[in-house]
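*Asks:* This is the structure, below, for whatever I ask next.
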Amino acid sequence: MFVFSADSHVREPNDLFAKALPAGLRARAIQSKRENGFIMTTSGDRVIHRLRVAENRDFGGNKRIGLSEIPGRLLDMEKDGIDAEVVFPTLALWTYVLEDPELELATAQIYNDWNASFFAAHLDRFVRCGVLPVRRFEHTLAELARLGRRGYTAAMLPCATPPGIPAYNDPAWDPVFARMGELGIAAVLHSGTGLEDVIVERGPGAAVINYTRQMTDAENALLALVAGGVLDRNPRAQVAVIESGASWLAALAERMDEVYAAHAIFVQPKLSLRPSEILRRQVKCSFQSDRACILARAVTGHEAILWASDYPHNEGTFPRSREVIRGLFEGVEISERERADILGGNARRLFRFDAPAARAQA
Ligand code: MN
């Protein structure tokens, strides 16, 4: 069976941004270094993220051979039973903490140029995902045009809108989602992106709270995009929320429908469809081990869920993906067609995977 992972990462060269940024921006290039048992990701003097490296567990999979090279990655995919994947960045995941619009734009452009050539010869195995700047929507549209010319079928937007950026229920987003729909570029909202600091809670239970609440960021983004009408007004736009689990989508759909009808006198704007129908038409969620999303597919549609491995991260399913997949479907009554769609078909269609030539323009 064809297996597509809807969540994987590549590690850009650490000096990619420091080398390629124009002189005036170079000092604030995103980069990371190991220091006293931590991976410190910085932009100039600012520490963006500080992550403790656990003993013999190297977060970010620095020891995984496919982290930063394609031959090793193909070997790991073989070992893990993955046929194809969409690939997100490592350093450039932090693009949305950059407040300077020029630095944000240049960082996105540098990543997108590097990514385009890195995967160019391997589009039969990989879907490239661009990074879109959001501090100025004219920058977003200009970068979208470049990605469109190159045949990209996926591009990142922040999962949480950073302070100072219109929230996802603001009609200011319409031109961006309209253009993405026209170009056939799916908007990808990866967990953790757009937060000033992913460590929101530091007290008891912090790790569980912080990682679990990334689900809430995804839910909030979709709630805003649907209730505010952005997706309804731009029906060709497709949104994929990544690494936030997926079974909550059923609850969100049911609750939004209930509220939309029960509180109809207060509802503005009116939508042309029920919220659940808009979600079903335009939204997908990736998951690794969240079996409940398979059980809830009668509510969301099985087309809404995309299996993913999160390679090369330690919290991902590598190298046990086959075993994890078997466990997901154990005892579940499901057709072969639905199973194939969840494991690959849905992502294949969303990212237009079967047209690698079209995805390689320019
Ligand atoms: Mn991920």
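All of the numbers you see were taken from the coordinates with simple rules; none came from a lab. Note that the coordinates shown come from a computational prediction; the quantities given were computed from them, not determined experimentally. A quick note on method: Cβ atoms are made from the backbone with ideal geometry, for glycine too, and the neighbour counts reach across all protein chains shown.
*Asks:* Quick one: which residues, 5+ away or cross-chain, put their amide H under 5 Å from the amide H of CYS129? H built at 1.01 Å from N.
*Replies:* Counting only residues 5 or more places away or on other chains, the set is VAL87.
*Asks:* When you have a sec, figure out the Kirkwood radius of the chain from all distinct Cα pair distances and drop it here in Å to one decimal?
*Replies:* About 20.7 Å, per the Kirkwood formula over Cα pairs.
*Asks:* Shifting gears a bit: Between ARG291 and LYS33, what's the calculated FRET efficiency when r is the beta-carbon distance and R0 is 22 Å? Round to 0.05.
*Replies:* Efficiency for this residue pair is about 0.05.
*Asks:* Stretch ALA142-LEU51 to full length: gain in nm at 0.36 nm per residue minus the Cα-Cα span?
*Replies:* My answer for the length gained is 29.4 nm.
*Asks:* Restricting to bridges with both residues inside the chain, how much of the DSSP beta-bridge set is antiparallel, in percent to the nearest 5? Numbers along the way, then the final one.
*Replies:* Working: 13 of 38 bridges.
Around 35 percent of the beta bridges assigned by DSSP in the chain are antiparallel ones.
*Asks:* Moving on to the next point. Across the chain, where is the longest run that never hits chymotrypsin sites (Phe, Trp or Tyr not before Pro) in a DSSP loop with at most 15 other C-beta atoms within 10 Å?
*Replies:* Working: sites that count: PHE2, PHE59.
Longest run free of exposed loop sites: 60-362.
*Asks:* Once amide H atoms are built 1.01 Å from N in the peptide plane, which residues 5 or more positions from ALA186, or in another chain, come under 5 Å H to H?
*Replies:* Amide H neighbours of ALA186: ALA154, ALA155.
*Asks:* Select from TYR168, ALA187, GLN214 the residue farthest towards the positive end of the dipole of segment 4-360; place +1 on Cβ of Lys and Arg, -1 on Cβ of Asp and Glu, and compute about the Cα centre.
*Replies:* Farthest towards the positive pole: ALA187.
*Asks:* Count the lysine pairs in the chain whose Cα atoms lie under 25 Å apart, taking only pairs 8 or more positions apart in sequence or on different chains.
*Replies:* Numbers: LYS19/LYS33; LYS19/LYS63; LYS33/LYS63; LYS63/LYS79; LYS270/LYS284.
The number of close lysine pairs in the chain is 5.
*Asks:* Can you give the relative contact order of the chain as a percent, counting alpha carbon pairs under 8 Å and 6+ residues apart?
*Replies:* Numbers: 656 pairs, mean separation 71.5, N = 362.
Value for the chain: 20 percent.
*Asks:* Could you give the nm distance between label points at ARG326 and ASP257, where each point is 7 Å from its Cα heading toward the beta carbon?
*Replies:* The answer from the label model is 3.6 nm.
*Asks:* With the chain treated as a Gaussian network of Cα nodes joined by springs under 10 Å, which of VAL53, VAL127, VAL188 yields the largest mean-square fluctuation?
*Replies:* VAL53
*Asks:* Still on this structure: Once the piece of chain linking ASP354 and TYR211 is laid out straight, how much longer is it, given 0.36 nm per residue of separation minus the C-alpha distance between them?
*Replies:* So the extension gain works out to 48.1 nm.
*Asks:* Counting only other residues whose beta carbon sits under 12 Å from that of ALA160, what net charge do I get with K and R as +1, D and E as -1?
*Replies:* Numbers: positive: ARG213; negative: GLU196, ASP197, ASP217, GLU219.
So the surrounding residues net to -3.
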